[in-house]
Amino acid sequence: MAKPDLRDSELFKGFLRLSSEIGNDILKTQGAGGNTSIKDNGVMWVKASGTWLSKAESEDIMVPVVVEPLVTALREGDPRAEKSTDFVVSGLNSSGLRPSIETSFHAALRNPVVAHYHCVNAIALAVLEDRDAELAVRMATLPDLKWATIPYRRPGTPLAREIEQAAASEPDVLILFNHGIIVCGVSVEEVAERIGRVTIALSRNPRQTNSPDLDALKAISEGSSFHPASDIRSHTVALSEANRSITLRGSLYPDHVIFLGTEIGLLSEGQTVSEYEAALRLEGRETPKLLIVPDKGVLLSSTLTPGGEVMARCLAEVVGRIPDGKAIAYLTKDDEHELTHWEAEQYRQALDRGAARQSV
Ligand SMILES: [Zn+2]
């Protein structure tokens, strides 16, 4: 008799519900970021690359992979662990999509349920030079949870190998420097409960700012390829000296680099975007995707996909939560280069562009 399909179970429905809850919280997931998994009988269902967790209940976004062969490949340095596509159970893969680029670390973690997301509160602390001390103070409020930190590595096998090492101690929570968080558990309920408590422990209020000047932004961007960010909270990046200074000094986490690039533009007092674009063309420089207009707000390039636009909001939420006057551990030039020259990411962005076209 054929084994019952996990996807027909209440357990799987609960897993999809949790996935969509994480995906619908902008402070946890932005666009195609974040991924969840559930293991059952040697098969792990994991979010497909380029899909949005927020759609977990309405679309077919979970891809099945075999766990043990993938973990072995990761341990042995087999390059097939990078994309994990060779470990997909084709007969069960109804969507035909590729598994997430972060699949191998889900497989390496032994817990049956794993949630990874880009919690803005966790990232704001995990980019500080003194992150170990800052995180320890907050996590000490949850003494029953076993937690550890993971140094920054490019997502894919470099990050998965670090996580595989940490997996031996069966952690409940992993905080990934300059990236996000992983919460594990034996059941969907346990993971949901832990996510709730960890979120409270790490939460900070964002820095207060004035409101954006949308009329001024419209006038400044008139006739250009930029428009004021439609998500009102995205503007806060431009609305305080501290926020601007943190933003302009470097890149904080991978999705920022992948979707918004390594350069953020800064408009001078009295300059229009058309003048700014003309100046860049003269110098032969590329136009950035996000432009800061000090004390007015943020302008976004019309070339941005929906996945890119939401990264402006993510940046605002992270930067606003970085405490004043703290030294920051930005991604290095090498880290940035690795992220901008990476085939798996280009696939994820191509899917995002496809989604953008379909919605028009
Ligand atoms: Zn991630």
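Things worth noting here:
- Note on region 109-131: among residues that are under 13 Å from Phe177 (Cα atoms) and part of a loop (DSSP other than H, G, I, E, B), the one that is nearest to the ligand (Cβ to nearest atom) is His118.
- Among (1) farther than 18 Å from Ile163 by Cα; (2) surrounded by 15 or more Cβ atoms within 10 Å (Cβ to Cβ); (3) among the small types (Gly, Ala, Ser), the one test that Ser84 misses: (1)
- Residue count for region 15-56, restricted to those that are among the β-branched types (Val, Ile, Thr), more than 15 Å from the ligand (Cβ to nearest atom) and either out of contact with any helix residue (DSSP H, G or I) (no Cβ under 9 Å at 6 or more places or on another chain) or more than 22 Å from Val319 (Cβ to Cβ) (or both): 2
- Of all residues assigned to region 180-187, none qualifies as being in contact (Cβ under 8 Å) with a residue 60 or more places away in the chain, within 16 Å of the ligand (Cβ to nearest atom), aliphatic (A, V, I, L, M) and farther than 20 Å from Gly23 by Cβ.
Each row is one residue, and each column tells you yes or no for (1) closer than 27 Å to Arg17 by Cα; (2) at pLDDT below 95; (3) surrounded by fewer than 19 Cβ atoms within 10 Å (Cβ to Cβ).
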{"site": "Ile101", "(1), (2), (3)": "yes, yes, no"}
{"site": "Asn111", "(1), (2), (3)": "yes, no, no"}
{"site": "His116", "(1), (2), (3)": "yes, no, no"}
{"site": "Asp132", "(1), (2), (3)": "no, no, yes"}
{"site": "Val137", "(1), (2), (3)": "no, no, yes"}
{"site": "Ala140", "(1), (2), (3)": "no, no, yes"}
{"site": "Asn178", "(1), (2), (3)": "no, no, no"}
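- Residue within region 186-195 that is outside any helix (DSSP H, G or I), under 21 Å from the mean Cα position of the chain (by Cα), under 24 Å from Thr72 (Cα atoms) and not assigned by TED's automatic domain parsing to the domain that holds Thr287 present: no
- Flag for Thr72 being away from the ligand (no atom under 16 Å from the Cβ), at pLDDT 95 or above, in the same structural domain as Arg154 (by TED's automatic domain parsing) and hydroxyl-bearing (Ser, Thr, Tyr): yes
- Any hit, region 95-105, residues being away from the ligand (no atom under 16 Å from the Cβ), within 22 Å of Val198 (Cα to Cα), among the polar types (S, T, N, Q) and in the same structural domain as Ala148 (by TED's automatic domain parsing): no
- Here Ile246, Ile232 are screened, and the one residue that is away from the ligand (no atom under 16 Å from the Cβ) and surrounded by 24 or more Cβ atoms within 10 Å (Cβ to Cβ) is Ile246.
- Among the residues of region 18-39, just one is surrounded by fewer than 17 Cβ atoms within 10 Å (Cβ to Cβ) and either in contact (Cβ under 8 Å) with a residue 60 or more places away in the chain or touching a strand residue (DSSP E or B) at 6+ places or on another chain (Cβ under 8 Å) (or both), namely Ile26.
- The single condition among (1) over 22 Å from the mean Cα position of the chain (by Cα); (2) surrounded by fewer than 24 Cβ atoms within 10 Å (Cβ to Cβ) that Glu57 does not satisfy is (1).
- Residue-level analysis places Ala124 among those that are crowded, with 24+ Cβ neighbours inside 10 Å, more than 24 Å from Arg161 (Cβ to Cβ) and touching a Gly at 6+ places or on another chain (Cβ under 9 Å).
- Residue identified as in contact with a Leu (Cβ under 6 Å, 6 or more places away or on another chain) and among the β-branched types (Val, Ile, Thr) among Val273, Val257: Val257
The values are calculated or read from the model by the stated rules, or taken from the named source; none is laboratory data. Keep in mind it's a predicted model, so treat the numbers as computed, not measured. All Cβ positions, glycine included, derive from the backbone under ideal geometry; neighbour counts span all protein chains shown.
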